[in-house]
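Student: The structure follows.
The values are calculated or read from the model by the stated rules, or taken from the named source; none is laboratory data. Since we're looking at a predicted model, the values are computed, not measured. Don't worry about glycine lacking a Cβ; one is built from the backbone with ideal geometry, like all the others, and counts go over all protein chains shown. SASA here: full protein model, heavy atoms, side chains in, ligands and nucleic acids out. Shrake-Rupley method; radii C 1.70, N 1.55, O 1.52, S 1.80 Å.
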Amino acid sequence: SHPGWPAKLGPVRVAGGTVTVRPVRMRDAAAWSRIRTADRAHLEPWEPSGEGSWNSRHHISSWPSLCSGLKSEARKGHMLPLVIEVDGEFCGQITTGNIVRGALRSAWIGYWVSKEVNGKGVATAALALGLDHCFGPVGLHRVEATVRPENLASQAVLRNVGFREEGLLYKYLDVDGEWRDHKLVAITSGEVQGTVVDRLVRAGRAAWA
Ligand code: ACO
């Protein structure tokens, strides 16, 4: 009922495999819980703090309510809660949130990818697909992201798809148990020549599958 939801994005091929993006679903519980629990050390320094222990928050039984909450926000047009797959296997999430229409037509985007497939272009490809979707079917004008200055890998991902730095947000978000400064980066639709994926392909970072 909202433009751009639900959506299947890709495929795009990168070093890690064939990347596709699709809506979250109830049967993601086991894969989500297994990866989020195993990869705690890889994820926790960069993720918003939550109630309770990491393991209880990521228990398989936590997924149904999380997933139905995300889907409800998606049906209202507020979010695009998507899963990243590599060769058909769940390996992370890419979420667009705070979708605002009217004269702003803006949202934020965030993502994580399992440690197993890190450093193989998966997040870059998923973010490019997500941006093209936001600027195309969803009809947004601006997408922003916030990232800790210490998160060099995520800053490389953002830079490689064309995000610009706009400033530093002082003690912006409760991450890993403390208020953390974040860099604010953004991209507007007019800054994209063709599509973001096209640009990755031209740069030799990805191929159409
Ligand atoms: N220093 C500098 N650059 C680095 C480092 C490092 N320590 N580690 C990796 N990189 C670079 C890589 O070289 C690559 O850039 P390049 O293509 O120019 O060489 C880039 O970071 C990684 O690109 P991908 O392979 O596409 O990314 P990947 O699939 O490995 O996912 C991600 C990166 C999402 C940051 C992953 O490591 C992850 O999930 N981390 C934990 C959670 C997280 O940080 N999420 C992002 C929060 S911020 C946000 O959502 C806006």
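Student: I want to confirm something. Restricting to region 131-169 and keeping residues that are near the ligand (Cβ under 7 Å from one of its atoms) and polar (S, T, N, Q), which single residue is farthest from GLY77 (Cα to Cα)?
Tutor: ASN151
Student: Here is a further query. Across region 10-28, which residue is nearest to the ligand (Cβ to nearest atom) among those that are under 23 Å from SER68 (Cβ atoms) and open to solvent by less than 20 Å² (accessible area, probe 1.4 Å)?
Tutor: In this case the residue turns out to be VAL21.
Student: Looking at (1) over 20 Å from GLY17 (Cβ atoms); (2) part of a helix (DSSP H, G or I), which is the only condition LEU168 fails?
Tutor: Unmet for LEU168, out of (1) over 20 Å from GLY17 (Cβ atoms); (2) part of a helix (DSSP H, G or I): (2).
Student: Pairs under 8 Å by beta carbon, first residue on the phi > 0 side of the Ramachandran plot in region 8-32, partner of a type outside the set (Ser, Thr, Tyr) and surrounded by fewer than 21 Cβ atoms within 10 Å (Cβ to Cβ), six or more apart or different chains?
Tutor: If the second residue must be of a type outside the set (Ser, Thr, Tyr) and surrounded by fewer than 21 Cβ atoms within 10 Å (Cβ to Cβ), the pairs left are GLY10/ALA209; GLY17/ASP87; GLY17/LYS120.
Student: Search region 142-159 for residues that are farther than 13 Å from ALA123 by Cβ and modelled with pLDDT of 95 or more and pair each with any residue that is near the ligand (Cβ under 6 Å from one of its atoms) and open to solvent by less than 50 Å² (accessible area, probe 1.4 Å) when their beta-carbon atoms are under 9 Å apart and the residues are at least 6 apart or on different chains.
Tutor: Close Cβ pairs (under 9 Å, with a partner that is near the ligand (Cβ under 6 Å from one of its atoms) and open to solvent by less than 50 Å² (accessible area, probe 1.4 Å)) amount to THR146/GLY110; ARG148/SER154.
Student: Just for region 129-158: of the residues that are part of a strand (DSSP E or B) and touching a His at 6+ places or on another chain (Cβ under 7 Å), which one is most open to solvent (accessible area, probe 1.4 Å)?
Tutor: THR146
Student: Could I ask something else about it? Take the residues in region 38-93 that are basic (Lys, Arg) and more than 13 Å from the ligand (Cβ to nearest atom), then tell me which one is farthest from LYS120 (Cα to Cα).
Tutor: LYS76
Student: Right, here's the next one. Could you grab the pairs with beta carbons closer than 6 Å, sequence gap of 6+ or different chains, first residue in region 118-139 and of a type in the set (S, T, N, Q), second one buried (at least 22 other Cβ atoms within 10 Å of the Cβ)?
Tutor: Here the result reads THR124/VAL157, each pair linking region 118-139 to a residue that is buried (at least 22 other Cβ atoms within 10 Å of the Cβ).
Student: OK, next. Pick from region 107-124 the residues that are more than 7 Å from the ligand (Cβ to nearest atom) and more than 10 Å from the chain's Cα centre (by Cα): which of them is surrounded by the most Cβ atoms within 10 Å (Cβ to Cβ)?
Tutor: Residue satisfying both the conditions and the ranking: ALA107.
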